[in-house]
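None of the figures in this text is laboratory data; all of them are computed from the coordinates on show. Source: prediction; values computed, not measured. We place every Cβ from the backbone using ideal geometry, glycine too, and count neighbours over all the protein chains shown.
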Amino acid sequence: MTTLASLGDLGLRFAINCAALAILIFGLYYRRHGDRILASTAAMFNIFAFAVLGKLSSVEFGLAAGFGLFAILALFNLRSEQIGRIEIAYFFGAIALAVICSIEGSPTINVIAIASLTLAGVYVVDHPALMSGSRAITVTLDRIDPHLLSDPVAMRDVLSGRLGVTVTGFEIVSLNYVNELAIINLTYTKTAEEAESFSNDISPRSHSPS
């Protein structure tokens, strides 16, 4: 009877985890940011973490919590390619949901409440209307002008003119003088007129002005 009750509780917590995951990754992240591969990866990461944490939590809570922390740290240290800060935040959220839902000892109502409040917070914080006037993008310049690199104001004006938006800030990430390439992270705003000239099919994470 105890075993059946334990399996039932595990199944209920897994269902809560999957429901919260679907809302976080597919209802919020994918609809707003559109990276199918990263959405699928985060979902699988959550499921695998839940499986391991669910097993370890029945042995010792400290060990399960330690593994959850290791999984979070591994996300930042072992990833093979660079991902954006918003993607890291959603990855962290997927892992956090697995930890919240898989660890035994908390009443089910508490798990539901914490997951619900977390999703509500993400919905508000990452809502497009909250900071609709400012956006971020990574651009790759196919030529480097040394004078612009030493003049932030001129660089901002040139980037604004080439992209057709108002650049509010930028950070030079990488310079390659061999191939004459410069990778720059920048923030920008768009007016209604600028929006018409800024192509909607440009990737939000990468652009290479000529």
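Which residues, taken from the range 137-151, are without any contact (Cβ under 8 Å) to a residue 60 or more places away in the chain and either closer than 15 Å to L175 by Cβ or in a strand (DSSP E or B) (or both)?
If the condition is that a residue be without any contact (Cβ under 8 Å) to a residue 60 or more places away in the chain and either closer than 15 Å to L175 by Cβ or in a strand (DSSP E or B) (or both), then R143, I144, D145, P146, H147, L148, L149, S150 are the ones that fit.
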I'd like the residue in the range 145-165 that is β-branched (V, I, T) and surrounded by 15 or more Cβ atoms within 10 Å (Cβ to Cβ) and, out of all such residues, is nearest to H33 (Cα to Cα).
V165
